[in-house]
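Everything below concerns the one structure shown next.
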């Protein structure tokens, strides 16, 4: 789509050079853990270490029938890994489905590109209902933005040429052309996100209690295990096989394998029940936090929904309008210089304007002039 603007955006070659210079709109770090991190956090625990060391000692003396307990440990670990990997995949799928796009002026034409491909100095087109993809400066036009996610203030803010737009806000009415002033980690919304990530992780009483038990037994198991083995092997003169199995039996009783499995299975059942109601649980112990909730307050975030209105029906105040309503509304919508949610709904209700407009035609802001068809 060609434009008749008094300014031009970047060329593709110039945008590529700017991106290679490190001034691209690099997306923030992933909000999910990596696969290796999930596996490491579930496998490399003190509880698993003690059980694996006991299993190795039993395997070295050939006590294979006494190794069944390791299946409980493996099952507990696998359940935790599978649940977190499942949640990670769903979160990443949602991120792909809701990946925002921007309209940038490239090579003299408005092109729809992923937000991550924006670069410093790009000229972008913004209209009602669009999210501000990066901190920008208004060049032409007037626009109202909703900055409630950034400031908590629900009243729309009017933006005129020369004023700054903040990423993370959304256009609620009007249209404008703006130049990208900050990208990537320098964006206002990205800085807020990074500050929020510095908050302490959620607290789990079950997890904390289990770690306390493991730490306490961790101080006792090494010296006690050594004493039990020396007592059985040297003082009682038991064979090596019997000394190892006897020591392992005493130490395994100090590790609450059954309790760990019970907690994991209980939480897994709860997560599965929530999943049937299409609730995404990213961590097993998140269910414990939900159990402490008395009142859950929800607000429309706009992540998976859109703030669009739809006309349900039309009521005529006069039985015989002087001219066909569709034709009158088509002329009105053609020449009105507004595109808030109400006008967008009217556009969709009168797509052809009674012959005045082409079907599904939308007049871009940059082409709207007095008398423009």
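In this structure, residue 282 and residue 261 have a Cβ-Cβ separation that, at R0 = 22 Å, corresponds to a calculated FRET efficiency of about 0.55. In plain terms, the residue of 86, 292 with the fewest other Cβ atoms within 10 Å comes first and the most crowded comes last, giving 292, 86. From the Kirkwood radius over Cα pairs of the stretch 35-186, Stokes-Einstein at 20 °C and 1.002 mPa s returns a whole-number translational diffusion coefficient of 110 µm²/s.
Taking other Cβ atoms within 10 Å as a rough exposure proxy, 143, 155, 54 sort from fewest to most as 155, 54, 143. Ordering 286, 167 by the number of other Cβ atoms within 10 Å of each residue's own Cβ, fewest first, gives 286, 167. As an equivalent ellipsoid, the stretch 205-306 spans semi-axes of 47, 13, 9 angstrom, where each value is the square root of five times an eigenvalue of the C-alpha gyration tensor, largest first.
In plain terms, the chain from residue 109 to residue 82 could stretch by 5.0 nm, reckoned as 0.36 nm per residue minus the Cα-Cα distance. The stretch between residue 334 and residue 137, if pulled fully straight at 0.36 nm per residue, gains 68.2 nm over its current Cα-Cα span. Just grab the label-to-label distance for residue 317 and residue 36, each label 7 Å out from Cα along the Cβ direction, in nm (one decimal). Distance between label points: 6.9 nm.
Dividing the alpha-carbon radius of gyration of the stretch 113-155 by the rule-of-thumb value 2.2 N^0.38 Å gives 1.26. The slack between residue 216 and residue 65, meaning 0.36 nm per residue of separation minus the straight C-alpha distance, is 51.5 nm. FRET efficiency for residue 209 and residue 181, Cβ-Cβ distance as r, R0 = 56 Å, nearest 0.05? So, using R0 = 56 Å, E works out to roughly 0.65.
Every read-out reported here was derived from the displayed coordinates using simple, explicitly stated rules and does not represent laboratory data. This structure is a prediction, so every number in the text was calculated from the model and none was measured. Neighbour counts are summed over all protein chains in view; Cβ atoms, including those assigned to glycine, are modelled from backbone coordinates with ideal geometry.
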